[in-house]
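Q: Got a structure here, written out as structure tokens. Questions coming.
The values are calculated or read from the model by the stated rules, or taken from the named source; none is laboratory data. The structure presented is a predicted model; accordingly, all values stated were derived computationally and were not measured. Cβ atoms come from the backbone with ideal geometry, glycine included; neighbour counts cover every protein chain shown. Areas reflect the complete protein model, heavy atoms only, side chains present, ligands, DNA and RNA absent. Shrake-Rupley method; radii C 1.70, N 1.55, O 1.52, S 1.80 Å.
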2 protein chains.
Amino acid sequence: MTPQNVLDLTRAVCDLESVSGAEGPLADAVESALRRLPHLEVLRDGDAVLARTALGRPERVVLAGHLDTVPINNNFPSTVVDDLIYGCGTSDMKSGVALALHLAATLPDPGYDVTYFFYEAEEIESKYNGLALVAEAHPEWLEADFAVLLEPTYGVVEAGCQGTLRALVRTHGRRAHTARAWRGVNAIHAAGEVLRRLEDYRPRTVTIDGCTYREGLNAVRISGGVAGNVVPDECTVEVNMRFAPDRTEKQALEHVQEVLEGFELELTDSAPGALPGLTAAPARDFLAAVGSEPAAKLGWTDVARFAALGIPALNYGPGDPLLAHAPDEHVEIGKIRDGAATLHRWLASPF
Amino acid sequence: MTPQNVLDLTRAVCDLESVSGAEGPLADAVESALRRLPHLEVLRDGDAVLARTALGRPERVVLAGHLDTVPINNNFPSTVVDDLIYGCGTSDMKSGVALALHLAATLPDPGYDVTYFFYEAEEIESKYNGLALVAEAHPEWLEADFAVLLEPTYGVVEAGCQGTLRALVRTHGRRAHTARAWRGVNAIHAAGEVLRRLEDYRPRTVTIDGCTYREGLNAVRISGGVAGNVVPDECTVEVNMRFAPDRTEKQALEHVQEVLEGFELELTDSAPGALPGLTAAPARDFLAAVGSEPAAKLGWTDVARFAALGIPALNYGPGDPLLAHAPDEHVEIGKIRDGAATLHRWLASPF
């Protein structure tokens with residue numbers, strides 16, 4: 001791992017397999033590369049690795065990225081075709097991880113104190129999330145005035161994030177043999193009304209600080225049925241609401257309850273959105289360094305975890321978010337070079 | 001097994017466990033009991049056991065019953081409470097099997113030649129069905145002018161049976177991340193229209209030979225979904241149509257296709273109905289012996305297999321069909337005694 005050349009570094013990071021739950025070898029390599037840099041203090045817990053300057057600057061910023069990927073899908077190791085690097089994690093988000101490692105190695109004397117933070121298990125159940133675990137176990141490691149999460153945004157600033165909630169909607173009926181169906185009540189038929197309301201639902205579009213969020217309410221799973229000759233007595237529809245950060249989790253749940261009024265609803269999972277957070281001084285400086293208008297982040301990202309810690313945070317990375325988790329995932333070499341130059345410009349000389 | 005006392009015999013048959021696929025011990029006991037009867041020729045194939053008279057009567061009738069039960073459900077062995085015998089298979093259809101065994105043992109000189117037929121695997125996939133296997137391997141074993149299938153009918157004649165078909169209805173969409181749901185098409189939402197048509201469906205009621213058949217069209221299973229954050233691209237609804245025997249299988253399928261026009265439909269399973277078959281001479285005699293009006297059989301039963309062999313067949317048994325497969329399955333002792341007397345009256349002295 002030679003952190004000086006950001007493209008070689010991107011490929012090296014991509015070519016260490018690190019599917020969620022098996023980030024160890026990549027975390028080891030990252031830790032070992034960081035420990036060779038005398039200007040950084042290095043800490044580790046599990047497969048989370050943190051390195052930081054201690055220059056006594058008035059403000060501290062975090063560059064953060066998760067080390068894990070979704071399962072490989074005939075896209076490992078990486079390959080280069082023209083100006084594209086293909087492979088699992090190239091967009092989400094090993095090219096972002098490589099940017100942070102590159103800055104850590106090549107900028108010993110930044111204008112802000114900088115915390116570089118790499119962590120495991122962002123792609124799976126949130127109880128394994130390395131950022132959440134460190135925020136719980138060592139909150140002081142993450143203290144900062146601003147954070148940039150290097151998730152794929154295709155080189156633009158994506159501000160805040162939408163919240164997400166999942167709930168189970170259950171319909172009930174009464175079992176009967178299908179040869180005597182009139183003695184039963186069909187719970188799957190009853191779910192038709194749930195689906196009709198979801199089909200008819202018109203989601204809001206909300207603009208905050210110039211960032212436009214598009215909400216959505218979708219059935220993501222449905223199941224019901226007892227046997228091929230039984231009128232079913234239960235059907236379950238799992239719905240996922242993505243909500244703009246002007247709603248709290250509670251307000252979003254109330255909204256879903258209102259849309260599906262009359263049906264039994266069980267909340268199973270919920271994560272708050274994060275407001276754009278563009279007013280902190282380092283955020284304004286960062287926007288100036290990027291030089292383009294911010295957009296809304298529609299997916300849920302760990303910026304919401306930083307927001308919950310009281311740290312304004314943005315998404316900014318070279319990958320294309322539409323290619324995340326895709327078998328043909330790739331990243332443009334030009335976006336990696338631009339990202340490195342932008343971060344260098346911002347960190348080297350704060351405004 | 002003492003075939004002379006029909007109640008003891010019922011309990012003995014019930015207390016030999018014979019869940020589908022494990023009928024061997026019961027088939028052995030039945031075979032051994034029948035082989036002790038000098039007036040019968042006994043044949044066996046697999047766990048199907050057949051015994052028959054050869055008296056040179058002008059007409060031959062079959063008394064048939066399956067030996068297997070659904071899985072036991074805290075209802076084995078049998079218990080007697082007042083005038084009820086509780087236990088797995090008491091209604092469906094070991095009390096019917098006991099009637100046939102009792103007649104075989106106690107009526108050496110019937111007015112018809114009689115074939116007593118006991119078989120395995122009626123409650124599971126039709127490829128294992130002992131009646132179907134013998135009809136294929138030894139069709140001459142089953143040659144007869146009329147058959148009584150001793151399925152539970154609560155002591156009335158249930159004539160013919162409804163047909164049944166199952167089909168999968170699939171809706172399609174386009175996957176997308178739920179944070180960008182407008183890029184996708186939700187296949188589960190699209191299934192709402194399938195469920196609405198099923199909910200609105202008004203099934204026919206058809207009367208044939210005085211027997212009234214009630215049709216039904218039901219969703220029996222539904223499934224769809226990729227992951228909690230993905231707009232699903234496929235949803236599958238399994239439907240079960242029960243159709244009166246005035247429709248052929250082909251006509252029933254065309255009807256379902258018409259109801260669900262515009263949706264992809266795949267037929268997965270189909271079995272024809274059977275017309276009431278009340279016009280054969282032994283059937284008329286049997287109705288006279290029972291002395292009550294026949295009703296329509298709504299569930300599918302193996303009478304359709306006899307009908308397919310050109311043998312008119314009826315359902316008639318002491319069990320209550322509504323208790324079949326229930327944990328509190330039971331049979332009334334009075335219905336067993338009545339059944340034995342009726343069959344004896346019919347077989348001893350044809351009209």
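Q: Given contacts defined as C-alpha pairs under 8 Å and at least six residues apart, what's the relative contact order of chain B, whole-number percent? Mind showing how you got there, number by number?
A: Details: 842 pairs, mean separation 84.0, N = 351.
For chain B, the relative contact order is 24 percent.
Q: Averaged over its residues, how many other protein chain Cβ atoms are within 10 Å of peptide B:180-188's Cβ atoms?
A: Whole-number average of other-chain Cβ neighbours for B:180-188 is 5.
Q: For the protein assembly as shown, give the magnitude of the charge dipole about the Cα centre (Cβ charges: +1 Lys/Arg, -1 Asp/Glu; no others), in debye to the nearest 20. Please report the intermediate quantities before stating the final value.
A: Numbers: 60 positive and 100 negative charges, 212 e Å.
That gives the protein assembly as shown a dipole magnitude of about 1020 debye.
Q: In peptide B:170-178, what is the residue-averaged number of other protein chain Cβ atoms found within 10 Å of each Cβ?
A: Other-chain Cβ atoms within 10 Å of each residue's Cβ, averaged: 3.
Q: How much net charge surrounds residue B:333 when only the other residues with a Cβ under 12 Å from the Cβ of residue B:333 are counted, with Lys and Arg +1 and Asp and Glu -1? Working shown, then result.
A: Values: positive: B:11, B:335, B:337; negative: B:8, B:82, B:83, B:332, B:338.
Overall, the nearby charge balance is -2.
Q: Where the centroid of each part is defined by its Cα atoms, how far is region A:328-351 from region B:125-165 in Å?
A: 77
Q: With only Lys, Arg, Asp and Glu charged, each at its Cβ (+1 for the first two, -1 for the last two), find how big the charge dipole of region B:121-184 is about the Cα centre; round to the nearest 20 debye. All intermediate terms of the calculation are to be shown ahead of the outcome.
A: On the way: 7 positive and 9 negative charges, 299 e Å.
Value, rounded to 20: 1440 debye.
Q: Can you bin region A:1-132 into rounded, prolate or oblate? Criterion: square roots of the alpha carbon gyration tensor eigenvalues sorted a ≥ b ≥ c, rounded for a/c under 1.5, prolate for a/b above b/c, oblate for the rest.
A: Values: a/c = 2.09, a/b = 1.38, b/c = 1.52.
In terms of gyration-tensor shape, oblate.
Q: Once the dipole of the protein assembly as shown is set up with Lys and Arg at +1 and Asp and Glu at -1 on Cβ about the Cα centre, which of B:236, B:260, A:229 lies farthest towards its positive end?
A: In the protein assembly as shown, that residue is B:260.
Q: Moving on. Mind running the shape call on region B:126-168? Use the C-alpha gyration tensor, a ≥ b ≥ c as the square roots of the eigenvalues: rounded below 1.5 for a/c, prolate if a/b tops b/c, oblate otherwise. Write out the running numbers ahead of the final one.
A: Numbers: a/c = 2.22, a/b = 1.07, b/c = 2.08.
Note, shape of region B:126-168 comes out oblate.
Q: While we're looking at this one, here's another question. Of B:184, B:96, B:87, which has the largest mean-square fluctuation in a 10 Å C-alpha GNM of chain B?
A: B:184
Q: Evaluate the charge dipole of region B:224-351 about its Cα centre and quote only its size in Debye, nearest 20, assuming +1 on the Cβ of each Lys and Arg and -1 on the Cβ of each Asp and Glu. Please report the intermediate quantities before stating the final value.
A: Working: 9 positive and 19 negative charges, 197 e Å.
Result for region B:224-351 is approximately 940 debye, rounded to the nearest 20.
Q: Shifting gears a bit: In a Gaussian network model over chain A where Cα atoms closer than 10 Å are linked, find which of A:194, A:220, A:156 has the largest mean-square fluctuation.
A: A:220
Q: Follow-up. Based on the alpha-carbon set only, what is the convex hull volume of chain A divided per residue, in Å³?
A: 144
Q: Here's a follow-up. Take the alpha carbon atoms of region A:215-282, find their center, do the same for region B:281-299, and report the distance between the two centers in whole angstrom.
A: 56
Q: How far, in nm to one decimal, is residue B:281 from itself in the other copies if the label point is set 7 angstrom along Cα toward Cβ? Shortest first, please.
A: Ordered by increasing distance: 11.2 nm.
Q: Quickly work out the residue A:59-to-residue B:172 label distance, labels modelled 7 Å from Cα along the C-beta direction, and quote it in nm with one decimal.
A: 5.3
Q: Using the structure shown, list the pairs from A:94/A:127; B:250/B:297; A:94/A:250 with a Cα-Cα distance above 24 Å, or answer none. All intermediate terms of the calculation are to be shown ahead of the outcome.
A: Values: A:94/A:127 22 Å; B:250/B:297 21 Å; A:94/A:250 34 Å.
Correct reply: A:94/A:250.
Q: If a/c stays under 1.5 just call it rounded; otherwise compare a/b with b/c (prolate if a/b is bigger, oblate if not). Do that for region B:231-335, with a ≥ b ≥ c from the square roots of the Cα gyration tensor eigenvalues.
A: On the way: a/c = 3.40, a/b = 1.67, b/c = 2.04.
In terms of gyration-tensor shape, oblate.
Q: Can I ask one more? With a 1.4 Å probe and all protein chains kept in place, how do B:349, B:292 rank by accessible area, largest first? Can you show the working numbers first?
A: Numbers: B:349 65, B:292 45 Å².
So the residues, ranked largest to smallest area, are B:349, B:292.
Q: Using a cut-off of under 17 Å, list every residue of region A:236-259 whose amide N is near the label point 7 Å from the Cα of residue A:202 along the Cα-to-beta-carbon line.
A: Within reach of a label on residue A:202: A:259.
Q: Given springs between every Cα pair under 10 Å in a Gaussian network model of chain A, which of A:78, A:91, A:223 has the largest fluctuation?
A: Sorting by GNM fluctuation, first place goes to A:223.
Q: Next question, about the same structure. Starting from the 7 Å offset along Cα-to-Cβ, what nm value, one decimal, do you get for the label separation of residue A:8 and residue B:84?
A: Distance between the two pseudo-spin positions: 8.4 nm.
Q: What distance in nm separates the simple spin-label points at residue B:246 and residue B:35, each placed 7 Å from Cα in the Cβ direction?
A: Going by the 7 Å Cα→Cβ label model, 5.1 nm.
Q: Once Lys and Arg get +1 and Asp and Glu get -1 on their Cβ, which of B:172, A:2, B:70 lies farthest toward the positive end of the dipole of the protein assembly as shown?
A: B:172
Q: Sticking with this one: Can you find, among A:347, B:218, A:88, the residue sitting farthest towards the positive end of the charge dipole of the protein assembly as shown, where Lys and Arg contribute +1 and Asp and Glu -1 at Cβ?
A: Checking the options against the dipole of the protein assembly as shown, the answer is B:218.
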